[in-house]
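The values are calculated or read from the model by the stated rules, or taken from the named source; none is laboratory data. Only a predicted model underlies this, so the values are computations on that prediction, with no experimental measurement involved. No Cβ is skipped: glycine too gets one built from the backbone with ideal geometry, and neighbour counts run over all protein chains shown. Protein only, heavy atoms only, side chains kept; ligands, DNA and RNA dropped before computing areas. Shrake-Rupley method; radii C 1.70, N 1.55, O 1.52, S 1.80 Å.
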Amino acid sequence: LWTPESPAPAPLILMAHNNGLPKGDARLVARGRLTAADGFAVAAIDAAGCGDRPRSAAAEQARADLRRAMQAGEPVDEIFESLVGPMVERAAPDWRTALDALLTLPGVAGPVGYSGWTALGIRLAVSEPRIAAAGLFAGGFVPRAQREEARQVTIPLLLLLQWDDEGNPRQRALDLFDAFGSEEKTLHANLGGHLGTPAFELEDGNRFYDRHLRAPAS
């Protein structure tokens with residue numbers, strides 16, 4: 001948990017990553033600190049199978065199958081379904097439990113934002129009414145269940161897309177953006193690969209959260 005220096009309660013942003021990164025990964029820590037410096041409370045947790053949490057035998061087998069299929073140039077969508085779908089199902093209750101605990105802390109307040117892993121963000125956006133806005137990273141596989149759930153998402157959205165993201169076809173991200181039911185949704189597309197998101201997108205993201213998580217000045 002990263003919090004700003006101000007004694008006033010800060011709006012909370014849940015920061016999630018879907019690639020097995022632990023909550024203490026240097027990139028996540030840097031994002032958390034910079035976002036806290038802009039006046040938000042930011043929280044990250046380890047998803048099941050990430051960080052110190054043990055991986056299941058089924059997930060390890062799916063990862064091994066995925067590596068083999070990618071090396072052989074074989075289709076991988078069904079393997080991703082078997083890996084990512086259960087990850088979302090396990091992660092969503094963990095995040096709701098974490099949110100319950102975080103909102104009891106004196107320096108943390110609602111409304112709540114979400115940042116990161118798209119598939120999990122979709123699930124939380126339709127199942128957790130305390131989340132008021134979400135910034136999503138398009139560089140990851142979204143299971144069929146979440147592609148369908150996207151039509152039920154109505155909160156304001158900011159979707160980040162790397163135009164040349166290897167392994168993540170841009171048309172899928174564009175189709176997903178079109179499917180979201182939100183009346184306010186914004187797509188930021190930048191040239192470059194998976195890890196090439198420009199640093200200024202963090203600043204733009206914080207302005208997005210400013211609009212939706214802070215009460216307007218009277």
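A compact table of results
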item	result
Condition met for A101 (small (G, A, S), modelled with pLDDT of 95 or more and touching a helix residue (DSSP H, G or I) at 6+ places or on another chain (Cβ under 8 Å))	no
Elements of type helices (runs of 4 or more DSSP H) contained in region 75-154, each with 2 or more residues being of a type in the set (A, V, I, L, M, F, W, C)	77-102, 118-127
Condition met for L159 (on the phi < 0 side of the Ramachandran plot and under 17 Å from the mean Cα position of the chain (by Cα))	yes
Number of the exception - A119 against (1) out of contact with any strand residue (DSSP E or B) (no Cβ under 6 Å at 6 or more places or on another chain); (2) open to solvent by 20 Å² or more (accessible area, probe 1.4 Å)	(2)
Tally of residues being open to solvent by 20 Å² or more (accessible area, probe 1.4 Å) and out of contact with any helix residue (DSSP H, G or I) (no Cβ under 9 Å at 6 or more places or on another chain) across region 34-46	1
Residues within region 83-105 that are of a type in the set (V, I, T) and within 11 Å of A48 (Cβ to Cβ), tallied	1
Residues within region 185-203 that are in contact with a strand residue (DSSP E or B) (Cβ under 7 Å, 6 or more places away or on another chain) and not basic (K, R), tallied	12
Candidates R31, R68 - the one that is assigned to a helix (DSSP H, G or I), more than 24 Å from F137 (Cα to Cα), modelled with pLDDT of 85 or more and open to solvent by 10 Å² or more (accessible area, probe 1.4 Å)	R68
Lone qualifier among G135, G49 - being more than 15 Å from the chain's Cα centre (by Cα), open to solvent by less than 20 Å² (accessible area, probe 1.4 Å) and of a type in the set (G, A, S)	G49
Flag if A58 is assigned to a helix (DSSP H, G or I) and in contact with a helix residue (DSSP H, G or I) (Cβ under 8 Å, 6 or more places away or on another chain)	yes
Of all residues making up region 155-181, the number that are surrounded by fewer than 17 Cβ atoms within 10 Å (Cβ to Cβ) and either in a loop (DSSP other than H, G, I, E, B) or of a type in the set (F, W, Y) (or both)	6
All positions within region 4-24 that are buried (at least 17 other Cβ atoms within 10 Å of the Cβ) and modelled with pLDDT under 90	H17, N18, L21, K23
